[in-house]
Amino acid sequence: LAAGALLGPAGNPFHRLFAGLVAPRLSPAPGVEDAATIRAQDALAAALLGAALVFLLVGIGGVAWIITLGEGGVAAIAATTGVHLGVVARDRFRRR
């Protein structure tokens, strides 16, 4: 995810795997998100999962799991509603 945040969708190994194996079997998507939105979402995911890793390494696995489940919720919200919390976080960060 960090590679996707830095390099865009083409740098994300999950996106490349999906594009190569799953996407050809699906009908064309009705809409496509722009690369900046995907990069912001990947950056948020990398930050949250990085924080979870730190908590896991410190020995606070419960907090790490809560953060990881929160990231899963963020991804589910983006996939089902089109509301990208990574973009919201990026815009608020840029305003400061």
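Quick notes on this structure:
- Ordering Thr80, Gly8, Phe93 by the projection of their Cα atoms onto the charge dipole of the chain, which places +1 on the Cβ of Lys and Arg and -1 on the Cβ of Asp and Glu, puts Phe93 at the extreme positive end.
- Residue-wise HN-Hα coupling along the range 52-61, computed from phi with Karplus coefficients 6.51, -1.76, 1.60 (Hz; x: Gly, Pro): 4, 5, 4, 4, 5, 5, 6, x, 10, x
- Whole-Hz ³J(HN,Hα) from phi, Karplus 6.51 cos²θ - 1.76 cosθ + 1.60, for the range 14-27, glycine and proline x: 5, 5, 5, 5, 4, 5, x, 9, 9, 4, x, 8, 9, 6
- A simple rule links phi to the HN-Hα coupling: the Karplus curve 6.51 cos²θ - 1.76 cosθ + 1.60 with θ = phi - 60°, which for the range 37-51 gives 5, 5, 5, 5, 5, 5, 5, 5, 4, 5, 5, 5, 5, x, 5 Hz, with x for Gly and Pro.
- Sorting the segments 28-35, 65-72 by their residues' average number of neighbouring beta-carbon atoms within 10 angstrom, most packed first, yields 65-72, 28-35.
- Annotation: Leu26 carries an accessible surface of approximately 100 Å², with a 1.4 Å probe and no ligand, DNA or RNA atoms counted.
- 12 Å beta-carbon shell around His15, net charge (K/R +1, D/E -1): 0
- Remark: relative contact order (the range 1-95) = 27 percent; criterion is Cα-Cα distance under 8 angstrom and separation of 6 or more residues.
- Leading residue at positive end of dipole, the chain (Cβ point charges), from Leu26, Val63, Ala51: Ala51
- Here the range 1-33 and the range 46-96 have alpha carbon centers that stand 20 Å from each other.
The values are calculated or read from the model by the stated rules, or taken from the named source; none is laboratory data. The shown structure was predicted, so the numbers you read here are calculated from the model rather than taken from an experiment. We place every Cβ from the backbone using ideal geometry, glycine too, and count neighbours over all the protein chains shown. The area values use the complete protein model at the heavy-atom level, side chains included, leaving out ligands, DNA and RNA. Shrake-Rupley method; radii C 1.70, N 1.55, O 1.52, S 1.80 Å.
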